[in-house]
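Structure first, then comments.
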Amino acid sequence: MTFYIWLILANFLAYSVMHVVLAVLAAKEMLRNARQRDNWNLRLTMTSPLVPGISVIVPAHNEASVIAESVRALLALEYPTYELIIVNDGSTDDTLATLVETFSLEPAERTAPLTLSHKPVKAVYPPKGRLHLVVLDKEPGGKADALNAGIDFARYPLVCTIDADSILEQDALAKTVIPFLADPRVIVSGGSVRVANGCRIENGRVLEVSLPRNLLAMTQVLEYLRTFFIARAGWSAVNSLMIVSGAFGLFRRDVVLEVGGYRTDTVGEDMELVVRLHRKMRRERRPYRVVYVPDPICWTQCPDSIRVLRRQRSRWHRGSAEALRLHWPMIGNPRYGAVGLLGMPVVVLEVLAPLVEMTGYLIGLVAWFTGAIEQDVFLLAVATAILFGICLSLSAVALEETSSGRHPGWYSLGRVLLFAVIENLGYRQMVHLWRIEGLWQFFRKAHQWGAMERAGLGAPRVARHAAAVRPLAPKGRRGDLEARRALSPPG
Amino acid sequence: MTAILATLTVGFAMVMITLTVIIVVVRAVGDARRTRDARLRPRFEEEIAEYLIDPDRSEPELSDSRERGLFLRVVLEILVEVRGVDHERLTALLERMGFVDDLVRQLTARRRAARRRAAVAFVSIASESARGPLIRALGDRDPEVRISSALALVAIGADEVLPQILEVAAGLLADHPYSAAELMLGAGRRSPSMLSQEFRVGSPGVRRSVAEILGLLRIVDAADDLREVLASADEELVAVAARSLGLIGDAEALPALSGLVGDEHRPEFVRVAAVRAIGAIGDPAAGPAAARALDSDLSHLRSAAAEALALLGWPAVTAVPGDRALPARGASAGLHP
């Protein structure tokens with residue numbers, strides 16, 4: 001019993017130290033981002049013909065009620081050169097009809113290239129006049145499948161993946177592209193995702209930032225702050241950012257094509273792609289960076305019911321476990337540098353953390369009842385864990401206060417501080433149980449895959465990337481126009 | 001164990017309190033700044049607007065360094081939006097109020113952040129009186145300062161230092177390719193002939209960058225040089241040159257571009273660039289070359305060829321992945337306009 005208690009305490013210590021280091025790194029990264037922001041005159045940059053074009057890809061499945069408004073808002077982004085590609089992924093409602101009617105689209109006698117793995121595109125609705133909107137109508141295949149179709153069809157060197165119900169701030173693209181301009185090694189840039197629940201939204205724009213009334217949504221506000229302002233910023237500082245949210249990420253299209261696009265056989269396709277990019281670039285010893293930029297904001301509605309939140313969290317956790325399974329050779333492997341030695345092992349810790357923590361509570365309770373540990377020890381251990389969680393949340397709030405983002409009023413700040421405490425008194429534990437459920441689903445599915453492989457029905461693979469796409473820079477330092485060529489404006 | 005846990009508990013509790021205090025203080029300071037800015041900004045904007053109408057008005061009165069800082073920020077935002085006489089008047093106002101002298105002093109500050117801020121400000125201000133210090137700043141050890149100083153000199157119209165600016169750009173190409181290209185673009189706008197010369201004599205990396213700029217600036221005189229490199233073994237350069245010739249609209253390049261489209265020894269991205277250039281040039285007579293690309297095994301080439309044919313006014317064609325191109329229903333046999 002004592003051994004288990006020490007094991008759990010050791011795990012807690014490792015976890016705590018890791019998060020403290022991450023918080024410090026995050027503060028450093030935020031400062032670097034602030035300096036980079038000051039060095040760029042955004043207005044001047046956005047009038048330059050050299051700024052690379054962006055293909056904004058939006059998978060849409062049964063979004064008839066919101067698609068027109070979303071598209072109108074996305075067509076008004078402040079960025080000089082971009083196209084909006086809506087991928088209708090086999091919707092059974094009026095999503096396509098709404099788009100066609102609202103924007104007077106007509107199908108073209110042209111189909112999309114088929115370099116990446118995705119279901120066939122049935123029709124292409126090309127841009128009309130000055131409208132930089134393209135609609136692809138394809139057979140249903142899921143989000144990753146739809147993204148692959150969009151990436152295949154994209155004409156610009158950068159692709160931005162967002163969800164159909166996401167709301168991008170008007171200057172989000174401009175702010176997210178700056179790392180690519182400042183550093184030719186950057187291959188992925190992710191912005192901040194914030195909770196839109198409670199905000200005043202009109203015509204696809206967040207007009208007033210406010211906090212949700214719903215308790216579940218309110219606690220998720222804290223979670224998102226911690227995730228982005230500590231974890232993402234911290235890992236970005238050591239080029240070991242393992243995930244860029246599918247809700248808002250900007251990628252170099254040539255690199256994504258090179259690795260074969262998104263896998264369509266995992267629920268964590270966003271994380272898996274980023275890990276695969278790390279793997280390829282590190283293995284080939286090519287200089288690269290995957291960065292987080294705190295300033296650009298994408299607003300998204302988070303689940304406000306337990307049922308939906310539970311499904312989401314168990315799916316996310318399963319996705320993390322699947323990414324680990326697919327890239328397990330990277331774990332602890334010095335060949336992959338900081339990603340192999342730090343990033344991947346930490347993902348392992350994160351995946352197992354719910355099990356360890358809940359086991360810790362259980363063992364602690366058993367130990368207390370059986371007298372193996374004293375009441376003081378048990379209560380102090382629980383208090384330590386809860387206080388540490390609160391400190392982590394408060395660190396994220398402090399970092400967010402120093403950012404240039406939009407801040408709600410004092411009353412909302414008070415609620416945030418209160419929920420930083422409340423979150424650790426039941427919500428965290430509940431989420432841990434859902435994550436354990438996700439782990440269980442992962443192990444069950446892995447077992448099923450194993451059976452399928454034994455029967456000769458291996459899991460679907462990502463398509464081999466066609467050799468037709470040009471190779472990237474040779475090994476070694478990228479020079480001169482090699483990186484910029486990848487970002488050149490279209491001919 | 002109890003002592004350790006008790007220490008940790010107390011420690012975390014103190015950290016929690018400290019963080020809460022920090023958050024409240026940061027918010028309070030931030031709110032005070034935002035409130036002050038919200039109060040002063042409209043006044044400054046109005047005064048600047050009135051000054052632009054009547055430059056003989058007296059200068060705005062600024063009570064402290066915070067107000068000066070905000071005023072400068074507001075003016076810099078407006079300078080990006082205005083041109084011509086208004087830009088000159090605002091620059092003159094900043095000079096009279098001592099802002100330019102302050103920024104010139106910051107250009108030689110020890111702190112890199114101060115030098116960068118000053119150099120970035122001068123990109124918008126474009127003050128003649130900063131010409132000398134900006135030229136000296138071209139030799140700053142910080143690349144960001146060099147970049148901004150060079151951009152500021154381009155904005156001022158310091159043509160005598162364009163060779164130096166191009167040298168700075170060439171030196172930045174490896175680590176700051178975008179900024180290097182911006183400098184070349186700025187220099188090219190001031191002196192297209194100097195840029196063309198750079199294309200002839202520069203290193204391969206410089207040539208690729210300059211080739212792109214020549215196209216963006218539509219420098220027709222550079223078409224001959226660009227056409228020459230279409231036979232080069234440097235695939236990147238060929239692709240960029242093809243794109244640029246498309247932007248320039250050089251019909252004389254069509255034979256060479258058509259050759260590139262059909263050249264199976266060239267990588268796909270070169271052939272795609274060539275067929276897109278054919279579409280951009282817009283001569284329907286070049287259609288057959290693009291139409292032949294519809295038969296290619298390369299999906300992106302087929303797609304680009306279909307786009308190019310659409311631009312050339314050919315009837316819609318279908319480029320189906322994995323299949324051969326099919327004429328649109330109702331079109332005559334063969335692929336002719």
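The values are calculated or read from the model by the stated rules, or taken from the named source; none is laboratory data. Computed from a predicted structure; not experimentally measured. Virtual Cβ from ideal backbone geometry, glycine too; neighbours counted across all protein chains shown. Just the protein is used for accessible areas: all its heavy atoms, side chains included, with ligands, DNA and RNA removed. Shrake-Rupley method; radii C 1.70, N 1.55, O 1.52, S 1.80 Å.
A few comments on the model shown:
- Carbon plus sulfur fraction of accessible area for the range A:223-332, probe 1.4 Å, in percent: 50
- Nonlocal Lys pairs with alpha-carbon distance under 21 Å, the protein assembly as shown (8 or more apart, or different chains): 8
- Scattering profile of chain B at q = 0.08, 0.13, 0.14 Å⁻¹ [log10 I(q)/I(0), Debye over alpha-carbon scatterers]: -0.62, -0.96, -1.02
- Along the axis of the charge dipole computed for the protein assembly as shown (Cβ charges of +1 for Lys and Arg, -1 for Asp and Glu, origin at the Cα centre), the listed residues A:ALA231, B:LEU62, B:SER149 are led at the positive end by A:ALA231.
- What chain B shows is 45 Å² of accessible area per residue, with the surface traced by a 1.4 Å probe over protein heavy atoms.
- Gyration tensor (alpha-carbon) shape descriptor, the range B:1-156, a/c threshold 1.5: oblate
- Prolate/oblate/rounded label for the protein assembly as shown (Cα gyration tensor, a/c 1.5): oblate
- 3J(HN,Hα) along the range B:237-245, derived from phi through the Karplus expression 6.51 cos²θ - 1.76 cosθ + 1.60 where θ = phi - 60°, amounts to 5, 4, 5, 5, 4, 4, 4, 5, 5 Hz, with x in place of Gly and Pro.
- Residue mean of other protein chain beta carbons inside 10 Å, B:175-188: 5
- 10 Å Cβ neighbours from other chains, averaged over peptide B:265-278: 2
- Folded to 0 to 90 degrees: helix A:306-326 orientation relative to chain A principal axis, Cα: 80
- Of the peptides B:43-56, B:167-180, the ranking by mean beta-carbon count within 10 Å, highest at the top, reads B:167-180, B:43-56.
- Degrees, to the nearest 10: B:143-156 long Cα axis against longest axis of chain B: 80
- Simple label model, 7 Å out from Cα along Cβ direction - B:ARG218 to B:ARG105, nm: 4.7
- 22 Å tail of the calculated P(r), the range A:256-387, as % of Cα pairs: 56
- When peptides A:157-166, B:292-301 are ranked by their average number of other Cβ atoms within 10 Å per residue, the highest-first order is A:157-166, B:292-301.
- FRET E, pair A:GLU106, B:ARG189, Förster distance 45 Å, beta-carbon r, rounded to 0.05: 0.70
- Comparing each chain alone with all protein chains together (probe 1.4 Å, DNA, RNA and ligands left out), the residues of the range B:1-16 losing at least 40 Å² of accessible area are B:MET1, B:THR2, B:LEU5, B:THR9, B:PHE12, B:MET16.
- Accessible area per residue for the range A:185-247 is 29 Å², calculated with a 1.4 Å probe on protein heavy atoms, without ligands, DNA or RNA.
- Interface size A-B, as summed buried accessible area [1.4 Å probe, Å², nearest 100]: 5800
- The loop-placed trypsin sites (Lys or Arg not before Pro) in the range A:170-250, going by DSSP, that have at most 11 neighbouring Cβ atoms within 10 Å of their Cβ come out as A:ARG213.
- Accessible area of chain B belonging to carbon and sulfur atoms, whole % at 1.4 Å probe: 54
- Think of each Lys and Arg Cβ as +1 and each Asp and Glu Cβ as -1; about the Cα centre, that makes the dipole of the protein assembly as shown roughly 2180 debye.
- Accessible area of the range A:50-201 belonging to carbon and sulfur atoms, whole % at 1.4 Å probe: 46
- Computed over the range B:159-270: relative contact order in percent, which uses C-alpha pairs under 8 Å that are six or more apart: 19
- Under DSSP loop assignment and at most 16 Cβ neighbours within 10 Å, longest GluC sites (Glu not before Pro)-free interval of chain A: A:79-283
- The mean count of C-beta atoms from other chains within 10 Å of the C-beta of residues in A:183-194, rounded to a whole number, is 1.
- Debye-sum result for the range A:158-315 in log10 I(q)/I(0), which assumes one identical scatterer on each alpha carbon, at q = 0.18 Å⁻¹: -1.15
- Percent breakdown of C-alpha pair distances by 5 Å bin, ordered from the shortest bin, for the range A:1-143: 2, 8, 13, 14, 11, 9, 7, 9, 10, 7, 5, 3, 2, 1, 0
- Angle in degrees between helix B:65-81 and the longest Cα principal axis of chain B, rounded to the nearest 10: 20
- Of the GluC sites (Glu not before Pro) found in the range B:217-270, those that fall in a DSSP loop while having at most 14 other beta-carbon atoms within 10 Å are B:GLU264.
- Gyration tensor verdict on chain A (Cα atoms; rounded if a/c is under 1.5, prolate if a/b is larger than b/c, oblate otherwise): prolate
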